[in-house]
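See below for the structure under consideration.
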Amino acid sequence: MKTKLSSKFWITLTLFSLVGQIAWVVENMYLNVFIYKMFNASAGSISAMVSASAVAATLTTVFIGALSDKIGRRKIFMCMGYVLWGVSILGFSLLRVNVISAIFPMAVSVASVGVTLVIVLDCVMTFFGSSANDAAFNAWLTDSTDNSNRGAAEGINAMMPLVAILAVFGGFMAFDLNLASSWSVIFIIIGVVVTAIGIVGFFIIDEPKTERSDKGYFRTVVHGFLPSTVKKNKSLYFYLALFIIFNISIQIFMPYLILYYEVSLKMSNYVLIMAPAIILASVVTALWGKVYDRRGFSVSAGFSLLWLSLGYVVLFFFTNTALVFIGSLLMMCGYLSGMAVFGAKIRDLTPDGESGMLQGVRIFSQVLIPGIVGPFIGKTVLSNAETVVNSDGTVSFVPNESIFLSALIAALVLAVILVSVTFYRKNYKKVK
């Protein structure tokens with residue numbers, strides 16, 4: 001029997017998920033553009049930033065998730081985390097060439113200093129963001145739902161990255177991203193909004209009923225990585241392993257996606273082209289969680305991978321605007337619906353009372369390994385990419401379609417594993 005969720009739950013889910021994803025979109029998709037345009041960052045620098053952020057996110061989620069279990073509270077971490085997350089985003093408004101030149105007058109390369117400062121501040125921002133969102137918010141969502149309504153809730157949660165992309169794309173249309181002043185205004189707006197949501201959370205969040213962990217804090221921290229935990233939760237760790245492959249596929253192309261549209265395809269109006277794709281994909285993702293509730297993981301994940309793979313194929317072979325739109329739509333539908341079904345499955349398999357301490361292994365699968373392996377593959381694929389000379393004499397790389405071919409290979413590996421496991425289970429049951 002389906003458990004009904006309160007209106008306050010849906011409001012909290014929508015606000016915290018949407019605003020959190022807006023902040024992550026700025027970090028995951030536009031911080032790359034920021035250091036590319038403002039400091040002429042190389043593919044290696046972008047890869048290093050993504051990897052450093054992935055490490056910071058994982059360590060934060062492990063330690064803060066365990067701490068939230070230890071004290072049995074989610075709300076304080078969510079609210080204070082969002083407030084401090086917003087403050088750290090405000091710090092990016094100060095990373096401008098003229099400011100850096102004034103602070104480091106003896107620097108040989110202001111651009112190199114700028115890239116380094118962006119990477120460092122990105123890790124600081126990730127610490128607060130992962131504390132609030134990856135650790136506390138995700139544990140709160142797991143604690144507040146059950147297996148009768150988790151797919152529907154996860155569908156809403158998983159569609160928010162697309163809604164966030166739409167909001168960011170639309171908002172960024174008003175700015176010339178080649179100007180440092182535009183970036184300052186953007187970071188101020190995002191920072192203020194994230195901080196405000198953290199304050200609002202003190203008044204609207206219902207603390208889920210959770211018991212304090214009776215384990216010592218260090219034991220709580222390492223719980224998700226112990227062989228005994230893996231042995232007791234084999235299915236959970238199997239799907240976490242599959243989730244790694246899924247996210248590697250995404251991280252191969254995602255850090256370079258906007259640059260591919262703008263620099264390689266010279267789509268100055270890519271926002272207008274992408275907006276309809278994002279809206280349609282958002283609707284599909286919101287409904288796909290219900291498909292998971294009704295038909296299970298194999299069916300819902302299978303279609304998600306099919307859409308994702310078809311999207312990669314279209315984006316690899318075609319540069320025509322209409323076909324890029326179709327490829328992007330398929331890719332986004334596959335990406336976000338896949339996130340929804342994997343997220344729901346992992347939450348279903350998470351033992352009661354351990355949602356906080358197991359957020360670390362989830363983020364290990366979603367962020368750390370993919371965040372290191374995926375961008376490294378992307379960087380390697382683009383090592384011989386075409387370059388262009390900027391007006392100031394510096395050189396920038398031009399992302400190409402090879403990133404989608406590499407992402408497709410990873411997706412096909414996952415598809416083969418899923419088909420093999422499904423076939424084995426069906427035949428094993430027949431034999432039994």
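The values are calculated or read from the model by the stated rules, or taken from the named source; none is laboratory data. Not measured: the values here are computed from a predicted model. Don't worry about glycine lacking a Cβ; one is built from the backbone with ideal geometry, like all the others, and counts go over all protein chains shown.
Condition first: in a loop (DSSP other than H, G, I, E, B), crowded, with 19+ Cβ neighbours inside 10 Å and among the acidic types (Asp, Glu). Now tell me which residues in region 342-357 satisfy that.
Result: Glu354, single match.
With (1) among the aromatic types (Phe, Trp, Tyr); (2) in contact with a Ser or Thr (Cβ under 6 Å, 6 or more places away or on another chain); (3) without any contact (Cβ under 8 Å) to a residue 40 or more places away in the chain as the list, and Phe243 as the residue in question, which single condition is left unmet?
Result: Phe243 fails condition (3) only.
Within region 119-137, can one find any residue that is of a type outside the set (A, V, I, L, M), more than 30 Å from Thr285 (Cα to Cα) and modelled with pLDDT of 85 or more?
No, every residue in region 119-137 fails to be of a type outside the set (A, V, I, L, M), more than 30 Å from Thr285 (Cα to Cα) and modelled with pLDDT of 85 or more.
Of everything in region 208-232, what is assigned to a loop (DSSP other than H, G, I, E, B) and over 25 Å from the mean Cα position of the chain (by Cα)? Give them in sequence order.
Lys209, Thr210, Glu211, Arg212, Ser213, Asp214, Lys215, Gly216, Leu226, listed by residue number.
Of the numbered conditions (1) without any contact (Cβ under 8 Å) to a residue 40 or more places away in the chain; (2) assigned to a helix (DSSP H, G or I); (3) of a type outside the set (S, T, N, Q), Phe127 fails exactly one; give the number of that condition.
(1)
Six or more apart or on different chains, Cβ atoms under 6 Å: show the pairs whose first residue is in region 178-202 and within 16 Å of Gly91 (Cβ to Cβ) and whose second is at pLDDT 95 or above and small (Gly, Ala, Ser).
Gly191/Gly86; Val194/Gly86; Thr195/Gly86
From the list Gly311, Gly296, pick out the single residue that is surrounded by fewer than 16 Cβ atoms within 10 Å (Cβ to Cβ), of a type outside the set (A, V, I, L, M) and closer than 20 Å to Met339 by Cα.
Going through Gly311, Gly296 in turn, the sole match is Gly296.
Among the candidates Val115, Val99, which residue alone is more than 21 Å from the chain's Cα centre (by Cα), β-branched (Val, Ile, Thr), over 30 Å from Phe203 (Cα atoms) and surrounded by fewer than 18 Cβ atoms within 10 Å (Cβ to Cβ)?
Within the list Val115, Val99, the selection yields Val99.
Give, as residue ranges, the helices (runs of 4 or more DSSP H) completely inside region 1-108 that count at least 1 residues that are modelled with pLDDT under 90, of a type outside the set (Lys, Arg) and farther than 30 Å from Gly224 by Cβ.
Filter on region 1-108 gives 7-25, 31-39, 43-71, 97-103.
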